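Trainee: Sending over a structure as C-alpha cells; questions will come in a sec.
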Amino acid sequence: MNEERFQLMVARLERESARSQAAYQFKVAMLALLGFGVLLLVMGLAGLGIFLVVGLLLVTVKGGAAVLLLAKFGKALVLLAVPLWYLIKSSFRALLVRLPAPQGVELTRQQAPELFAAMDDMRRRMRGPRFHHVLLVDDVNAAVVQRPLLGLFGLPRNYLLLGLPLLESMSPEEALAVVAHEYGHLAGSHGRFGAFIYRLRLTWATIAAYADQWEGWVGKVLRRLVQWYAPYFNAYTFVLARAQEYQADRASAELVGPAVVSHALKRVNLAGPHYQQFIGQTFDRIAQLPAPPQDLAMGWAAAADTVTEADGRRWLDEALDRPPQALDTHPTLRARLAALALSGDDMAAMPPARVGESAAVRWLGSLLPAMRARFQGEWAERVAEPWAQRHREIQANRARLAQLRQMAETGPLGWDDQYELLRLQVQLEPDVDSLTSVVDLNAAHPDRPAALYLEACLRLDRGDEVGLALLERVMALDAESTKPCCERAHAYLSAHGDEARAQTYAQRWQARHAFEEERAAQLNRLDPTHPLEAPQLDSETAAQLRALLQKLDRKGVRRLYLARRVIPADPTAQTYVLGVTLTWWAQRRGQQSAILQRLAEQPWPLPLFVCSLTGSNKPIAKSLKRLQNVEV
C-alpha cells in the first residue's frame, strides 16, 4: 500500500469513526481477529513441519525396517527431508527471531534511587506493568519500548528510554509528565480495548520488522501475507492511535496536573531545536579547534535552561503553527494543548523558567557526572576523525582564500578564480557582505549556474524572493542542479509558512529523483536491447583514446568496437560499450575472462562497459555490424 492510498484510507476511516464509534471499533476487533488467524497460520506451518518430520522418522524406524527403507527409498527420503528441514527452519525463524534490544546505559535502583522511587509511585498510581529495563540514552527524547522475549510468542519486556539531554532541560515534574504519557499506553489509560489495540499495533510493527528476516519459500509466503495484512491493520487502527495520544495526555495530567503537562509539552518542543542550535554552535568551533571539545555535556547542562526570549518564542510559535502530518499518529502541539482545556493566551504563553534542579540532577544524583563524561567521550570518539578532516579542509580553504586575494591585488582574476574567491568568502566569512560582489559577477557572466545559485542562496537568506527566480534560472541552465535547488526553495518556503508552494518543489524533487534513479540503473546495466550509435568524441578525448589504443596489449583480441550507448531514460548521457571478439586460439584456451578483465582495468578516458560479443551480447554484435566507423 503506497502513501497516497494509505492517506485516503485513513481519511475515510476517520469519517466512519466519527459517524459511529461503536461500529468502527467492532470492525477493528474483527480485523484484529483476522490478524490472529494470520499468526495461527505462521505457527501452524511450523507445527506442520515438525509433524511431517517426526512422522517420517516413525515410519522409517517402525518394525526395524529402517535400513531396508533407507536402501530402497533413500533418495526419495532425502528429497523429502530437505524441503521439510527448510520448512521447519524458516517457520521457527519466523516465530522466534528477535529484534535487537534498545541500546543505552542500563540504570539500576541502587544507582538512581530517586528515579526508581518516582517510577514506583507512577506505577502504583497508574496501575500499570513494571519496567524491565531503564536505559539512559544520548538523545533529546523519552520513550517506552516493548520487545517480545520469545519472538511472536510474546512475553514482552518493557524498556524505558530516558534521554540525558532532555532530562537536563526539564524539571523533575515535567520529565515525569513525559514519562507518564508513554507509560499511559502500557497502563491502559485508554481502556482495555484501547490498550489491547495499542499493544497489538506494537506487535504487528515488530512482526513487520521480523518479516524481512524470514528465509526460504515458507518465509517468502509468510512475508507476502504480512505485507498484505499489516498496512490494512495499521490504517484501521490509525484513528484509534491518534485518540489514544489524547487519552495518554489525560492520564499524565491526572498524575502531575494539566499545567505541568502543558509545560512539559512545550518544553519538549523547545528542547529539540535548542539542542540542535547548541550542537550547531559547537560545530561552528571546528575552524578553531583541531579536535572536538571535551566539555559538550557540561556545556549543554549549563545552556539547557537558557533559551533566549526570541528563540523560544520563535520555536514555540513554529510548533503551535505546525500543520498536522497525515502519517503521524501524534496530534499537533496546538491540538494537544487544546485537549487539556488551555485558553488561547495560556496556549501561546512560554513555559515558566525552570526553578530548582533539573530532572537529570534530581533523578541521577551522584551518577550524573559519570554519565555526562561517558556520553561526552562517546560523542568525541564518533566525531573525532570527520572533525579533524573538516578542520584541515577549512585551514586549506583559508589559505586558498588568502592566495586568491593576493592574486586579485596583482591583476584581474578570471571567472573561475573570482567565483572561487566569493564562494570561499561566503563560506568562511559569513559576516562579510558578499552579495554585491556576487551580483556584479553574475551581471558580467549571466549564464553561469554556480554563481547564480550562490546569489540565490544569499538573497533567500535575506528573505528576498528574487532568490526563487534565480533558482529557476539555475535549473533551466543545468538540470543536474534540480534537486539542490528544490531543496533550497522548499526550505525557504516552509520556513515562511508557504506550504502550498513548498509542496510543488517537493514534487519536482521527487520527480527528478525518480528520473535520476532510473537513469543510474540504466547506466549501470549493459542492456543489449539499448540502441547504439557511432561515437562523436571531442578532439581531446579522441587523442587520449588513440594514445591508449596504441599502447594497448591486444594479445588474444581479434577486433575491438567502440560505440555510444543510447540510454532511454536520458539519450544525452555519455556512456559507451567496448565490444571484444577473441582470436580462435584465445577462445580455445578459455582466456575470455582474463582478457576482458585486462581491458576493463585500462584507464579509458570515457565511461564504458567492456563485453564480449557472444552469448547474451549477440544483439550488440548485430547492432555494431550495422554501424560505420566503430572498429578501433
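Trainee: Being modelled with pLDDT of 95 or more and out of contact with any His (no Cβ under 7 Å at 6 or more places or on another chain): is that true of Glu429 here?
Mentor: No, not satisfied.
Trainee: Considering only residues that are of a type in the set (S, T, N, Q) and either under 22 Å from Gln628 (Cβ atoms) or open to solvent by 80 Å² or more (accessible area, probe 1.4 Å) (or both), which ones fall in segment 506-553?
Mentor: Gln507, Gln510, Asn524, Thr529, Gln536, Ser539, Thr541, Gln544, Gln550
Trainee: I'd like the full set of residues that are open to solvent by 70 Å² or more (accessible area, probe 1.4 Å) and either among the β-branched types (Val, Ile, Thr) or closer than 25 Å to Arg626 by Cβ (or both), limited to segment 570-591.
Mentor: Pro571, Thr572, Gln574, Trp584, Gln587
Trainee: So, one more: On the basis of being modelled with pLDDT of 70 or more and buried (at least 18 other Cβ atoms within 10 Å of the Cβ), does Pro231 make the cut?
Mentor: The answer is no for Pro231.
Trainee: Also, I was wondering about something else. Please count how many residues of segment 609-632 are closer than 16 Å to Val566 by Cβ and open to solvent by 40 Å² or more (accessible area, probe 1.4 Å).
Mentor: Looking only at that region, the number is 5.
Trainee: Under 46 Å from the mean Cα position of the chain (by Cα) and open to solvent by 30 Å² or more (accessible area, probe 1.4 Å): is that true of Tyr561 in this structure?
Mentor: The answer is yes for Tyr561.
Yes or no, residue by residue, for (1) in a helix (DSSP H, G or I); (2) acidic (Asp, Glu); (3) surrounded by fewer than 22 Cβ atoms within 10 Å (Cβ to Cβ):
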position	(1), (2), (3)
Ser437	yes, no, yes
Ala450	yes, no, yes
Leu460	yes, no, no
Gly463	no, no, yes
Glu472	yes, yes, yes
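Trainee: Scan segment 340-381 residue by residue and report those that are surrounded by 12 or more Cβ atoms within 10 Å (Cβ to Cβ) and farther than 30 Å from Glu114 by Cα.
Mentor: Leu342, Asp346, Met347, Ala348, Ala349
Trainee: Every residue in segment 527-539 that is in contact (Cβ under 8 Å) with a residue 40 or more places away in the chain and either in contact with a Phe, Trp or Tyr (Cβ under 8 Å, 6 or more places away or on another chain) or not in a loop (DSSP other than H, G, I, E, B) (or both), please.
Mentor: Hits for segment 527-539 are Leu532, Glu533, Pro535.
Trainee: Would it be correct to say that Ile620 is over 41 Å from the mean Cα position of the chain (by Cα) and either modelled with pLDDT of 95 or more or in a helix (DSSP H, G or I) (or both)?
Mentor: So Ile620 fails the test.
Trainee: All but one of (1) more than 27 Å from Cys457 (Cα to Cα); (2) surrounded by 12 or more Cβ atoms within 10 Å (Cβ to Cβ) hold for Glu409, so report the exception by its number.
Mentor: (2)
Trainee: So, one more: Scan segment 339-350 and report the pairs whose first residue is more than 22 Å from Glu245 (Cβ to Cβ) and whose second residue is at pLDDT 75 or above, with Cβ atoms within less than 6 Å and a gap of 6+ or a chain change.
Mentor: Final answer for the pair search is Met350/Gly312.
Trainee: Being in contact with a Leu (Cβ under 6 Å, 6 or more places away or on another chain) and either of a type in the set (S, T, N, Q) or farther than 30 Å from Pro293 by Cβ (or both) narrows it down to one of Leu470, Leu424, so name that one.
Mentor: Leu470
Trainee: In this structure, is Gln389 open to solvent by 60 Å² or more (accessible area, probe 1.4 Å) and assigned to a helix (DSSP H, G or I)?
Mentor: Against the criterion (open to solvent by 60 Å² or more (accessible area, probe 1.4 Å) and assigned to a helix (DSSP H, G or I)), Gln389 qualifies.
Trainee: Can we say Arg598 is out of contact with any helix residue (DSSP H, G or I) (no Cβ under 9 Å at 6 or more places or on another chain) and either of a type in the set (Phe, Trp, Tyr) or at pLDDT below 90 (or both)?
Mentor: No: the conditions fail for Arg598.
Trainee: Quick one: which residue in Arg559, Arg554, Arg519, Arg512 is charged (D, E, K, R) and in a loop (DSSP other than H, G, I, E, B)?
Mentor: Result of the check over Arg559, Arg554, Arg519, Arg512: Arg554.
Trainee: Open to solvent by 50 Å² or more (accessible area, probe 1.4 Å), among the basic types (Lys, Arg) and modelled with pLDDT of 95 or more: does that describe Arg423?
Mentor: So Arg423 fits the description; yes.
Trainee: Which condition number in (1) in a strand (DSSP E or B); (2) open to solvent by 50 Å² or more (accessible area, probe 1.4 Å) is the one that Gln602 fails?
Mentor: Among (1) in a strand (DSSP E or B); (2) open to solvent by 50 Å² or more (accessible area, probe 1.4 Å), Gln602 violates only (1).
Trainee: When Leu582 is evaluated against the numbered criteria (1) at pLDDT below 95; (2) closer than 28 Å to Glu516 by Cβ, which criterion, by number, is the only one it fails?
Mentor: Status for Leu582: all satisfied but (2).
The values are calculated or read from the model by the stated rules, or taken from the named source; none is laboratory data. Model, not experiment: these values are computed from the prediction. Counting neighbours? That spans all protein chains shown, and the Cβs are built from the backbone with ideal geometry, glycine included. These area figures cover heavy atoms from the full protein model, side chains too; ligands, DNA and RNA do not enter into them. Shrake-Rupley method; radii C 1.70, N 1.55, O 1.52, S 1.80 Å.
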